[in-house]
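Read through the structure below, which is laid out as structure tokens, and then see the notes.
Laboratory data are not the source of any read-out in this text; all were calculated from the coordinates shown. In this text, all values refer to a predicted model and were calculated from it rather than measured experimentally. With ideal geometry, Cβ positions are generated from the backbone for all residues, glycine too; neighbour counts draw on all protein chains shown.
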Amino acid sequence: MEAYNKLLALKLTSDAPGAATRHVECFRDLEGQVNLDDNELIIDLFRGSLTRSLQEKFERNPPVKRWGWYREVEDIDRQRMLLQQSSTRHPSVAPPRLSPGIRPTPNAQSSFPVRQPAQRNSAHTPALITAGNPSRPTNRLLPQQ
């Protein structure tokens, strides 16, 4: 009876990567202790124990069997963990780092670094002047001062 009460009280409260997998393991352990044969009841208890965001993922096409529920929740959690690992390895919002060939120019009005070529050959360096709307940003090089 104690395991059944724990099963009823079990709630996943976090969408953090890894939390859903631990939740599935805990739910399955308690379910094994309770030894319920009613698959529909087990699925309802499991679905109700998930976070709202996980429940929403199954609104249109829920798994039919309880092991399908466990597997799909673990797959979603695994994808979250992989996404978190890849974002820590390759942060897309990292502050820009200056490489050796790039340095900010003190006379420029912009705070963005301007690439300075290592060997300067004025015959091959175009000086692009933009005409038109001065308030519209462009991707063209400004003339060197």
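Multiplying the sequence separation of Lys65 and Lys11 by 0.36 nm and subtracting their Cα-Cα distance, what value in nm do you get?
17.4 nm
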Out of residues 5 or more away from Thr51 or on other chains, whose amide H comes under 5 Å of its own, with H placed 1.01 Å from N in the peptide plane?
-> Leu12
Local electrostatic count, Tyr70, Cβ distance below 11 Å [Lys/Arg +1, Asp/Glu -1] = -2
Expressed in nm to one decimal, what extension gain is obtained for the pair Met1 and Leu82 from 0.36 nm per residue of sequence separation less their Cα-Cα distance?
-> 25.4 nm
